[in-house]
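Below you'll find the structure, written out as structure tokens, and then a few comments.
The values are calculated or read from the model by the stated rules, or taken from the named source; none is laboratory data. Note that the structure is predicted; figures quoted are calculated from it, not measured. Here Cβ is always computed from backbone atoms with ideal geometry, including for glycine, and neighbour counts include all displayed protein chains. Surface accessibility is based on the protein's heavy atoms, side chains included, excluding ligands, DNA and RNA. Shrake-Rupley method; radii C 1.70, N 1.55, O 1.52, S 1.80 Å.
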Amino acid sequence: MVQSKTWVLARHFEGFPEDSNFELKLEQQPEPKDGEVLLEALFLSVDPYMRPFSRLRVKEGGVMIGTQVAKVIQSNNSAFPIGCHVVGRCGWRTHTVSDGTGLTHLLSDWPQEVPMSLALGAIGMPGLTALYGLEEVLGLQDGDTLLVNAAAGAVGSTVGQIAKIKGCRVVGSTGSDAKVAYLKELGFDEAFNYKTVSSLEEALKTASPDGYHCFFENVGGPFSSVAIPQMKEFGRIALCGGISTYNDTTPQTGPYPHLTMIFKQLKMEGFLVGRWEHKNQEALRRLMAWKREGKLQCREHVTEGFENMPAAFMGMLQGDNIGKAIVKV
């Protein structure tokens, strides 16, 4: 039997997460039965969605939700031989016994020079979120002007780069001067630090005086209220996230965008990446091709040590990371 470390949600979050919300426990993993495998985590993901979804999917005392890249170290399942690498929603665990449900092999031709941790980032769920949000929701066209906020994060930075590949003009909003510099390195046409501009409205107008065809929304709250009036007529808005509201103890209220959306005939659509799961293999290969061609840069913010999962999660929520936040076991 293998002893596994797990992080459980000791109590649900009220406001911004605290160390006391988490508890590190040890559990014994049984020997894999017929059809089962034993996984050993190599990299774990920390993502904004974990904050709101934890209340829906985790009971107090349950293992915290999350995805990992893991290695099969014991196997009684021919589909997952010893030594293969998979992506799985195993939660915050170092070891997991699985019957294979929900496990996905890394791409069969995953290049040796590409870190496997990117299967949690640009060549994984965040990359797919960016791609599907742009293509399936926004219907991005060559020549469009796109606005993306939280633009230096795992999804936002990939959104901007794919939009540039597709011939668009890209404006990014982010929360530090270092992140602005990073967006410029990635080829964003305009980028600004929303925390230091004197007026968000003026910053958006200066970056694109004629407005925006598309808005990839990761933040919500007051930013959204200012950005929506800057949309062009028949503009399209993809609602991916609302990180500015995740830790609120009192729901934010207004202003409300209805008249602006009516007069400008805007389209706004929320989405979850799993809607297009049937396209994942082809989409991942496209993302990998862009990576290998040098068109897609993939910065990671790596925290060492499983014991630092809560710290990495809280740091991500407060914007410590540039690019994808991951934990290396």
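Assorted remarks:
- Angle in degrees between helix 177-186 and the longest Cα principal axis of the chain, rounded to the nearest 10: 90
- Heavy-atom accessible surface of the chain: percent carbon and sulfur, 1.4 Å: 51
- Between the alpha-carbon centres of segment 193-258 and segment 123-146 there is a gap of 18 Å.
- The relative contact order of segment 125-273, computed from alpha carbon pairs under 8 Å that lie at least 6 residues apart in sequence, is 22 percent.
- Rounded to the nearest Hz, the phi-derived 3J(HN,Hα) couplings of segment 22-37 under the Karplus curve 6.51 cos²θ - 1.76 cosθ + 1.60 (θ = phi - 60°) are 10, 9, 8, 10, 10, 9, 8, 8, x, 5, x, 7, 4, x, 10, 9, where x marks glycine and proline.
- Loop GluC sites (Glu not before Pro), segment 26-89 (other Cβ atoms within 10 Å of the site Cβ: 13 or fewer; DSSP): 60
- Charge dipole of segment 102-254 about the Cα centre (unit charges at C-beta), most positive-ward option of 137, 168, 156: 156
- Theoretical FRET efficiency, 1/(1+(r/R0)^6), r = Cβ-Cβ of residue 33 and residue 85, R0 25 Å, to 0.05: 0.70
- Compared with the direct C-alpha span, the chain from residue 25 to residue 289 gains 91.0 nm at full extension, assuming 0.36 nm per residue.
- Extension gain for the segment residue 165 to residue 202, taken as residue separation times 0.36 nm less the Cα-Cα distance, is 10.6 nm to one decimal.
- Mean sequence separation of contacting Cα pairs (under 8 Å, at least six apart), scaled by the length of the chain, corresponds to a relative contact order of 17 percent.
- Annotation for residue 142 and residue 311: the two label points, set 7 Å from Cα along the Cα-Cβ direction, are 5.0 nm apart.
- Residues whose amide H lies under 5 Å from that of residue 153, counting only those 5 or more places away or on a different chain, are 323; hydrogens are built 1.01 Å from N in the peptide plane.
- The residues of segment 125-273 have, on average, 42 Å² of accessible surface per residue, using a 1.4 Å probe with all protein chains present.
- In percent, rounded to a whole number, the relative contact order of segment 145-225 is 35, using alpha-carbon pairs under 8 Å and six or more apart.
- Against the chain, whose longest principal axis is taken from its Cα atoms, helix 154-165 shows a tilt of about 60°.
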